[in-house]
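Step one of this worksheet: look at the structure below.
The values are calculated or read from the model by the stated rules, or taken from the named source; none is laboratory data. Please read these numbers as outputs of a predicted model, since none were measured by experiment. Cβ sites come from the backbone with ideal geometry, for glycine too, and all protein chains shown count toward neighbours. For accessibility, only protein heavy atoms count, side chains too; no ligands or nucleic acids. Shrake-Rupley method; radii C 1.70, N 1.55, O 1.52, S 1.80 Å.
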Amino acid sequence: MNEFKLPLTPITEQTFIRQGWRQVSINDFYDDVPEGKREDDNGAHYWMIALPKQRDDEYAAYLVSNASDDSKVTKEVGLKPGQFFVEMLDMDGLGFCKTEEQLEILYNALTGEDINK
């Protein structure tokens, strides 16, 4: 038998830009913290996309990345600087993806659509 290996393309900022994700400052996530009391985010951000991505109502499910300044967490899951993982928002790790290929399969399974279109 021939060995078959799937490509393992890391998820990067270019992935999110190409697929149409929305970049969000980490401070925007904490609506309950008053403006003057928020910590300096130093440009830290994460990425979000609705399921499906053209949906924009308050009840949409979302995929969300780790924050861009989470170097300790990304190292723990085996990623290099500049790489991201993705999971479903507020689902405690459900849908965890570390590669573009995993992300494409998950998005298609949840929406029936191609995330790259």
Original post:
Quick check: is even one residue across segment 34-44 modelled with pLDDT of 90 or more and surrounded by 10 or more Cβ atoms within 10 Å (Cβ to Cβ)?
Top reply: no
Original post:
Within segment 11-30, is there a residue that is assigned to a loop (DSSP other than H, G, I, E, B) and modelled with pLDDT under 95?
Top reply: yes
Subject >> Lone qualifier among Leu89, Leu79 - being touching a Lys or Arg at 6+ places or on another chain (Cβ under 7 Å), surrounded by 12 or more Cβ atoms within 10 Å (Cβ to Cβ) and not polar (S, T, N, Q) >> reply: Leu79
Original post:
Hey, among the residues in segment 51-76 that are part of a loop (DSSP other than H, G, I, E, B) and within 19 Å of Glu104 (Cβ to Cβ), which one's least open to solvent (accessible area, probe 1.4 Å)?
Top reply: Asn66
**OP:** For Glu101, state whether it is acidic (Asp, Glu) and assigned to a helix (DSSP H, G or I).
**Re:** yes
Original post:
Hey, does segment 99-112 have a residue that's at pLDDT 90 or above, among the hydrophobic types (A, V, I, L, M, F, W, C) and open to solvent by less than 50 Å² (accessible area, probe 1.4 Å)?
Top reply: yes
